[in-house]
Amino acid sequence: MKELENRIQEDGRVIGKDILKVDSFLNHQIDPQLMLAMGQEFARLFANQGVTKILTVEASGIAPAVMAGLEMKVPVVFARKSKSRILSDAAFTADVYSFTKQTSNAIRIDKRFLSADDHVLLIDDFLANGQALLGLKEIADQAQATVVGAGIVIEKSFQPGRDNAINAGIQNIHSLARIAAFENGQVCFVDEEK
Ligand code: G4P
């Protein structure tokens, strides 16, 4: 998605050898217009696939997921990372390891919000190692729901997330921006024409 790639080039900052900071428009301060355009693009990419529900993980997945849900006219459920007192014990859970933070979080979704009738689209802001997608897939499997595909805002294609997700049985992965490498602090995108 050209608009997103341009924004990453303009406002993204490469930190070290493998981190892209996009907190001025994606995961701290949010640009709602760009977010809406991304939701529309996800809706176009996953049209006519019978999606009944969108699943994501708090916190940064929520904004793009809500915009996609708005366009696709389906509910959005976000997995919680900490056990809330108002969440019932009847929850689907999975462990998600974060390589960036080197911590493991249990994520959970209340059983009332996911069932075997659902065809779910997974959405997240970053695809790096794929742990969040794997956790969501595990939860969808527990509910016997069908995973239609995954929509990612920014994929770091030099990390193993896509392969890990495919190996876990997630097909139909679309990323709005695919980063091939960081070179001298500059972002190089995957050339989709090749
Ligand atoms: P994974 O989900 O693909 O396995 O990613 P990984 O374990 O490597 O990353 C853990 C967290 O770091 C995730 O956020 C992920 O979105 C984020 N992350 C990974 N690579 C980058 C990057 O290059 N830039 C930024 N800004 N974030 C990155 P999270 O723990 O779920 O945090 P949040 O959703 O609460 O913000």
When the residues of the stretch 165-186 are narrowed to those that are open to solvent by 50 Å² or more (accessible area, probe 1.4 Å) and farther than 21 Å from residue 35 by Cβ, which ends up modelled with the lowest pLDDT? 184
Counting just the residues of the stretch 155-170 that are in contact with a strand residue (DSSP E or B) (Cβ under 6 Å, 6 or more places away or on another chain) and in contact (Cβ under 8 Å) with a residue 60 or more places away in the chain, which one comes out nearest to the ligand (Cβ to nearest atom)? 156
With criteria (1) open to solvent by 30 Å² or more (accessible area, probe 1.4 Å); (2) within 20 Å of residue 136 (Cα to Cα); (3) in contact with a helix residue (DSSP H, G or I) (Cβ under 9 Å, 6 or more places away or on another chain), residue 7 comes up short on (2)
Which of the residues spanning the stretch 26-68 are under 16 Å from the mean Cα position of the chain (by Cα) and free of Cβ contacts under 8 Å to residues at least 24 places away in the same chain? 28, 58, 62
Considering only residues that are touching a strand residue (DSSP E or B) at 6+ places or on another chain (Cβ under 7 Å) and open to solvent by 50 Å² or more (accessible area, probe 1.4 Å), look in the stretch 140-154 and name the one that is nearest to the ligand (Cβ to nearest atom). 142
The stretch 114-129 - residue that is closer than 20 Å to residue 80 by Cβ and within 12 Å of the ligand (Cβ to nearest atom) and, of those, surrounded by the fewest Cβ atoms within 10 Å (Cβ to Cβ): 125
Could you count how many residues in the stretch 20-62 are near the ligand (Cβ under 8 Å from one of its atoms), closer than 29 Å to residue 116 by Cβ and assigned to a strand (DSSP E or B)? 1
Please tell me if residue 17 is over 29 Å from residue 94 (Cα atoms), within 15 Å of the ligand (Cβ to nearest atom), open to solvent by 70 Å² or more (accessible area, probe 1.4 Å) and more than 17 Å from the chain's Cα centre (by Cα). yes
Assess whether residue 96 counts as being without any contact (Cβ under 8 Å) to a residue 60 or more places away in the chain, surrounded by 17 or more Cβ atoms within 10 Å (Cβ to Cβ) and within 11 Å of the ligand (Cβ to nearest atom). yes
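The values are calculated or read from the model by the stated rules, or taken from the named source; none is laboratory data. Model, not experiment: these values are computed from the prediction. Because the Cβ atoms are built from the backbone with ideal geometry, glycine has one as well, and the counts that use them run over all protein chains shown. Side chains are part of the model used for accessible areas, which takes the heavy atoms of the whole protein and leaves out ligands, DNA and RNA. Shrake-Rupley method; radii C 1.70, N 1.55, O 1.52, S 1.80 Å.
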